[in-house]
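**Student:** Got a structure here, written out as structure tokens. Questions coming.
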Amino acid sequence: MKKNLIEYFEDTAFRYSNKVAVIDRERSITFSELREKSLVLASAIKAKNSPVAIYLNKSIESVFADLGVIYSRNFYMNLDVKTPSERIKNIIDLICPSTIVTNNQYIGSLEGVLPENVQIINLDQLDQTIPICEESIFAELSLQIDTDPLCIINTSGSTGTPKGVVLNHRSFFDFTEWALDKFSFSDNEIIGSLSPLVFDIYSFELCMLMAKASTIVVIPDHLSAFPASILKLLELHKVTFLFWVPTIMVNIANMNLLSDFKLSALKTVWFAGEVFPTKQFNYWHKNFPYTIFANLYGPIEITLDCTYFIVNRNLQDEEPIPIGYPCRNTDILILDENNKLVKEHNKEGELCVRGTSLAMGYYNNSEKTAAAFVQNPLNSSYPEIIYRTGDIVYVNEQNEIVFKGRKDTLIKHMGYRTELGEIEHIIINKLKLVKNGCVVYNFSQKEITLFYEADSEITPAEFRKQIGKELPKYMLPTVFYYLDELQRNTNGKIDRLFYNKQVNG
């Protein structure tokens, strides 16, 4: 029984030593070279069993940095180099990583952010002649158990500080083994890697690299604005597997780009992170009738995903794509407002999850952990934790789970899980740009919308300039409504439901 994901990689690096592991623009690296660089970094990391932050762009370096952290018996936390420094500081202050791995390109951005006692490893200055004592490294790894953390993935928090979701080795083993079995992935998969390092999608791509010797083709960030260039890259490298947030797939469909690209090697396409409009999905399905398409669902607090739907029937353009069925070793509970199990078809309830896929909780945040990871209300006999997603779903006549919407203000936008309350906190309390505000999400237009009170109207450009100093681009509102006074409900609070109806009907 495997205890650490490195056990996957050790076997893979031995059997496929000369195979290309990562393609990064004009550069590439083999599995044996990747292993060596990872071990050099592991030898330089002093800490054990603690979080190590990676502050790099998506590249060969970020891949061996994450592997090096796992080899060193620590757990990685990838940071977004495009995130404002204030937000990075909030994350670092909360997580208190023992070590930060970066390079010459990004180390300057960390000035004024780093605590005094953190170990900084600059890959461009790392001594590649550091003696690698494999015996010592593997002796340390032998002490690890499969419920030790593998990584921390940050998600939006309502007070301006993201929450660090802790995921362990066992849950990644569980999901990876299910995926390999259900989708019959071979040892020759080539992954078109588009998601940012901070997404759990990237962590699964890392698992595929380790477990099945999959080659990761890094799609440069700037190509997101040029979908045709992405498709050229997929064709060039004969990509077989995509795991994408639907946004880029919608753009490709709207531009009718698939008529110019055959992508004959493409065998499997997963999409997750937000709703894929069925009309645009059908465009993809029609162009690639022999490709397996699967809709996966799962919040960050679940290791990768907890339900899946392989699209094996025709869907009408106006019909939602189901999120399907529970993944193996995962149980889905749909609970009504009285915490009773919903048993009828088409009756809505909150989706709750139990099983090994659950995260360990939020790092250094026991209060929020206790609020989200709770005792199963259907079981009073022994401790059993479930995660309440806040997502409203129902089961259709085909016994497929269908996503309906959010219970609260937590939304998925551009693939990122975003707390609308955090945006309000920054705008109202920290920047003091407005007197009062209400941020809501337009699901059909995929727009973050701000209704606000202020002494005078503020231009959208000025809003984005000021908010952009605190929040990443994906969290910036794109629609603004200036009002003399915001609508209140009977208890005097801003009527969020009223403004939700304004944008969603």
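**Student:** Out of V275, V239, which single residue is among the β-branched types (V, I, T), part of a loop (DSSP other than H, G, I, E, B) and either in contact with a Pro (Cβ under 9 Å, 6 or more places away or on another chain) or not assigned by TED's automatic domain parsing to the domain that holds I321 (or both)?
**Tutor:** V275
**Student:** Can you tell me which residues in the stretch 121-145 are farther than 13 Å from L56 by Cα and either in a helix (DSSP H, G or I) or under 26 Å from the mean Cα position of the chain (by Cα) (or both)?
**Tutor:** Q125, E134, E135, S136, I137, F138, A139, E140, L141, Q144, I145, listed by residue number.
**Student:** For the stretch 52-101, what are the residues that are more than 18 Å from the chain's Cα centre (by Cα), polar (S, T, N, Q) and not in a loop (DSSP other than H, G, I, E, B)?
**Tutor:** S85, N90, T99
**Student:** If you check every pair at least six apart or on different chains, which have Cβ atoms under 6 Å apart with a residue in the stretch 246-265 that is not assigned by TED's automatic domain parsing to the domain that holds F281 first and a residue that is at pLDDT below 90 and buried (at least 19 other Cβ atoms within 10 Å of the Cβ) second?
**Tutor:** If the second residue must be at pLDDT below 90 and buried (at least 19 other Cβ atoms within 10 Å of the Cβ), no pairs are left.
**Student:** Conditions first: (1) among the polar types (S, T, N, Q); (2) within 30 Å of N365 (Cα to Cα); (3) surrounded by fewer than 20 Cβ atoms within 10 Å (Cβ to Cβ). T278 passes all but one, so which condition is the exception?
**Tutor:** Status for T278: all satisfied but (2).
**Student:** Then there's this: Which of the residues that make up the stretch 442-465 are of a type outside the set (A, V, I, L, M, F, W, C), surrounded by 17 or more Cβ atoms within 10 Å (Cβ to Cβ) and under 22 Å from K82 (Cβ atoms)?
**Tutor:** Across the stretch 442-465, the qualifying residue is only K446.
**Student:** I would also like to ask the following. Which number in (1) in contact with a helix residue (DSSP H, G or I) (Cβ under 7 Å, 6 or more places away or on another chain); (2) more than 19 Å from R406 (Cβ to Cβ); (3) free of Cβ contacts under 8 Å to residues at least 40 places away in the same chain marks the one condition that L471 misses?
**Tutor:** (3)
**Student:** Since L335 meets every condition but one in (1) without any contact (Cβ under 8 Å) to a residue 12 or more places away in the chain; (2) more than 20 Å from the chain's Cα centre (by Cα), which condition does it not meet?
**Tutor:** It is condition (1) that L335 fails.
**Student:** For the stretch 408-416, does any single residue satisfy the condition of being in a loop (DSSP other than H, G, I, E, B), at negative phi and not acidic (D, E)?
**Tutor:** yes
**Student:** Criterion first (crowded, with 18+ Cβ neighbours inside 10 Å and outside the structural domain of E422 (by TED's automatic domain parsing)) does N122 satisfy it?
**Tutor:** no
**Student:** Return yes when K435 is touching a residue at least 12 places away in the same chain (Cβ under 8 Å), basic (K, R) and either in contact with a Gly (Cβ under 7 Å, 6 or more places away or on another chain) or within 22 Å of G273 (Cβ to Cβ) (or both) and no when it is not.
**Tutor:** No: the conditions fail for K435.
**Student:** Out of the stretch 240-267, which residues are of a type in the set (S, T, N, Q) and either within 26 Å of the chain's Cα centre (by Cα) or buried (at least 16 other Cβ atoms within 10 Å of the Cβ) (or both)?
**Tutor:** T240, T247, N251, N254
**Student:** Name, by its number, the condition in (1) farther than 19 Å from H169 by Cα; (2) of a type outside the set (S, T, Y); (3) out of contact with any Phe, Trp or Tyr (no Cβ under 7 Å at 6 or more places or on another chain); (4) in contact (Cβ under 8 Å) with a residue 12 or more places away in the chain that does not hold for K347.
**Tutor:** Only one criterion in (1) farther than 19 Å from H169 by Cα; (2) of a type outside the set (S, T, Y); (3) out of contact with any Phe, Trp or Tyr (no Cβ under 7 Å at 6 or more places or on another chain); (4) in contact (Cβ under 8 Å) with a residue 12 or more places away in the chain is unmet by K347, namely (3).
**Student:** Can I ask one more? Could you say which residue among L56, L41, L79 is closer than 22 Å to E135 by Cα, in contact (Cβ under 8 Å) with a residue 60 or more places away in the chain and in contact with a helix residue (DSSP H, G or I) (Cβ under 7 Å, 6 or more places away or on another chain)?
**Tutor:** Just a single option satisfies the conditions, and that option is L41.
The values are calculated or read from the model by the stated rules, or taken from the named source; none is laboratory data. Only a predicted model underlies this, so the values are computations on that prediction, with no experimental measurement involved. Positions of Cβ are generated from backbone atoms using ideal geometry, with glycine treated the same way; all protein chains shown enter the neighbour counts.
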